[in-house]
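Worksheet: the structure to be examined is printed underneath.
The values are calculated or read from the model by the stated rules, or taken from the named source; none is laboratory data. Everything numeric in this text was worked out from a predicted model, so none of it was measured. Every residue, glycine as well, gets a Cβ built from its backbone with ideal geometry; the counts of neighbours run over all protein chains shown.
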Amino acid sequence: MHHFQVKKGELYAEGVPVSQLAATYGTPLYVYSAATISDHFDRLTHALAPLDHLICYALKANSNLAVLNLLAQRGSGFDLVSGGELTRVQRAGGDATKCSFAGVGKTRAEIEQALAANVYVFNVESIAELEFIDRIAGEKKLRAPVAIRVNPNVDASTHSKITTGTYENKFGIAFEEIGALYARAARLKNLRLLGVQMHIGSQITEVKPFVKAIKKMLPLVQDLKTRHHIEFFDIGGGLGIVYDPALASGQSAWWNQQKTPPLTPATYAASVVPLLQPLGLRILVEPGRFMVGNAGILVTEVLYVKKTGQKTFVIVDAAMNDLIRPAFYESYHEIVPLKQKRSGGKLVSSDLVGPICESGDYFCKDRPLPAQKPGDRLALLSAGAYGFVMASNYNTRPRAAEVLVEGAKHRVVRERETVDDLLRGESV
Ligand code: LLP
């Protein structure tokens with residue numbers, strides 16, 4: 001569900017034609033829909049209402065201050081992975097006491113910053129980290145709230161680069177070692193054992209892996225509650241979104257084989273809430289992509305069309321430095337012209353590519369697209385998560401501007417970078 005719709009042949013972001021935004025702010029341009037983000041937060045909140053729960057939005061997916069502020073206003077907590085992300089949450093008006101601090105490599109400075117900010121919990125990923133946090137908390141005469149990240153060794157059936165919950169991955173501590181580790185942690189005087197956490201992977205499009213992991217964890221969680229009086233169970237993020245509507249509408253061969261409806265907050269909750277409710281614990285969830293993925297698009301303009309033998313290359317002004325997902329994960333993003341041509345225009349099998357000097361710099365290959373010409377503009381949909389945040393300055397390309405649309409209103413929430421911004425701090 002999102003608020004980017006084609007009306008009378010023209011793509012709109014809520015009440016605003018996207019072509020107007022491109023003309024005003026230039027391209028490449030990230031455009032976010034505030035209503036979509038709010039809807040997603042509200043739908044998940046509603047679905048999880050039977051549980052005492054806290055949504056900790058994983059801001060690694062999109063950490064623009066305006067996006068964080070929208071969610072903070074709705075009462076969201078945050079799952080963060082660096083001192084920088086904690087500063088962002090604070091600048092955006094978020095509540096540090098609703099933050100979980102995750103990640104395998106927290107530094108001393110970050111741990112000190114998070115203790116001073118009074119974060120809700122540290123999600124700890126190794127014994128060495130547990131002892132380090134205990135030591136730092138002791139120096140400050142504090143007790144640090146911790147949860148241990150369990151690796152449940154459940155395959156999330158997703159892309160190998162975003163699977164996290166098997167013993168192949170660097171994340172968490174092996175399921176079998178957890179009981180003994182909590183007993184050891186309980187002897188560390190400067191820690192409070194507040195909860196237990198897991199996260200099995202990202203872009204999970206069916207409920208089965210979540211259910212399997214939760215079922216495996218339940219006896220352990222119950223035991224930790226009895227022995228150590230933990231107050232929460234954090235079931236992680238990972239809710240997948242629809243990138244290819246052909247899959248979701250049942251048109252593709254793949255879909256016919258899968259026969260699984262897309263994961264929604266309601267279907268997710270229908271399976272997990274009954275398992276979790278009897279625990280009588282607070283439940284934390286850490287969705288990133290679900291909240292913002294379909295709430296953002298990347299707008300780009302066609303520079304050239306180049307035909308070579310069998311191929312048509314549509315060269316646009318956005319590149320893999322702006323949106324790396326297709327290059328990195330072979331991911332699919334729907335491509336929609338901002339203004340649709342009159343009917344009858346035939347589709348041309350096209351590679352949409354950027355100006356960067358890498359063969360991996362493409363957004364799609366051999367995809368039927370309406371014929372393009374220089375100056376035409378296109379939108380790459382579902383680019384709100386892991387889009388701008390993974391952008392780089394490769395080829396000394398300034399990063400795109402970001403715009404937030406709310407109804408008929410729109411404003412820049414991050415200015416386009418300049419080459420001077422990029423050179424700051426460098427010297428000959
Ligand atoms: N919690 C933890 C501990 C995580 O590692 C992640 C994501 C999340 C929550 C949020 O997961 P989500 O709800 O967004 O699936 N760059 C990749 C995705 C990397 C995910 C990393 N961890 C992509 O573009 O698909």
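State yes or no: is Glu85 part of a helix (DSSP H, G or I), assigned by TED's automatic domain parsing to the domain that holds Gln197 and not hydrophobic (A, V, I, L, M, F, W, C)?
No, not satisfied.
What pairs come out if I take residues in segment 158-180 that are on the phi > 0 side of the Ramachandran plot and pair them with residues that are in a helix (DSSP H, G or I) whose C-beta lies under 6 Å away, six or more apart or interchain?
Listed by first residue and then by second, the contacts come to nothing, as the list is empty.
For segment 89-120, name all the residues that are surrounded by fewer than 20 Cβ atoms within 10 Å (Cβ to Cβ), under 18 Å from Ile148 (Cα atoms) and among the aliphatic types (A, V, I, L, M).
The answer is Val104, and nothing else.
Among the residues of segment 77-108, write down those that are under 27 Å from Arg414 (Cα atoms) and among the hydrophobic types (A, V, I, L, M, F, W, C).
Result: Phe78, Leu80, Val81, Leu86, Val89, Ala92, Ala96, Cys99, Phe101, Ala102.
Please determine whether any residue of segment 35-54 is of a type in the set (Phe, Trp, Tyr), in contact (Cβ under 8 Å) with a residue 12 or more places away in the chain and not in a helix (DSSP H, G or I).
Within segment 35-54, not a single residue is of a type in the set (Phe, Trp, Tyr), in contact (Cβ under 8 Å) with a residue 12 or more places away in the chain and not in a helix (DSSP H, G or I).
Would you mind stating whether Asn118 is more than 16 Å from the ligand (Cβ to nearest atom), out of contact with any Leu (no Cβ under 8 Å at 6 or more places or on another chain) and closer than 26 Å to Arg414 by Cα?
The answer is no for Asn118.
Going residue by residue through segment 292-310, is there one that turns out to be more than 24 Å from Pro398 (Cβ to Cβ), surrounded by 24 or more Cβ atoms within 10 Å (Cβ to Cβ) and touching a Leu at 6+ places or on another chain (Cβ under 8 Å)?
yes
Is it the case that some residue within segment 364-373 is out of contact with any helix residue (DSSP H, G or I) (no Cβ under 6 Å at 6 or more places or on another chain), surrounded by 16 or more Cβ atoms within 10 Å (Cβ to Cβ) and either within 23 Å of Asn62 (Cβ to Cβ) or of a type in the set (Phe, Trp, Tyr) (or both)?
yes
List, please: which pairs have Cβ atoms under 7 Å, are six or more places apart or on different chains, and start with a residue in segment 9-24 that is within 21 Å of Arg416 (Cβ to Cβ) and at pLDDT 95 or above and end with one that is hydrophobic (A, V, I, L, M, F, W, C) and loosely packed, with under 14 Cβ neighbours inside 10 Å?
Every condition considered, the pairs that remain are Val16/Ala408.
Of the residues in segment 121-168, how many are within 13 Å of the ligand (Cβ to nearest atom), in a loop (DSSP other than H, G, I, E, B) and surrounded by fewer than 16 Cβ atoms within 10 Å (Cβ to Cβ)?
Result for segment 121-168: 1.
Filter segment 337-355 for residues that are surrounded by fewer than 20 Cβ atoms within 10 Å (Cβ to Cβ) and under 29 Å from the mean Cα position of the chain (by Cα) and give the result.
Lys339, Asp351, Pro355
Which one of Leu218, Leu188, Leu224, Leu239 is away from the ligand (no atom under 16 Å from the Cβ), touching a residue at least 40 places away in the same chain (Cβ under 8 Å) and buried (at least 22 other Cβ atoms within 10 Å of the Cβ)?
Every option except Leu224 fails the conditions.
Scan segment 59-66 and tell me whether some residue there is at pLDDT 95 or above, assigned to a helix (DSSP H, G or I), within 17 Å of Pro287 (Cβ to Cβ) and not acidic (Asp, Glu).
no
Going by what's in this entry, would Lys170 be described as within 19 Å of the chain's Cα centre (by Cα) and at pLDDT below 95?
Spelling it out, it is not the case that Lys170 is within 19 Å of the chain's Cα centre (by Cα) and at pLDDT below 95.
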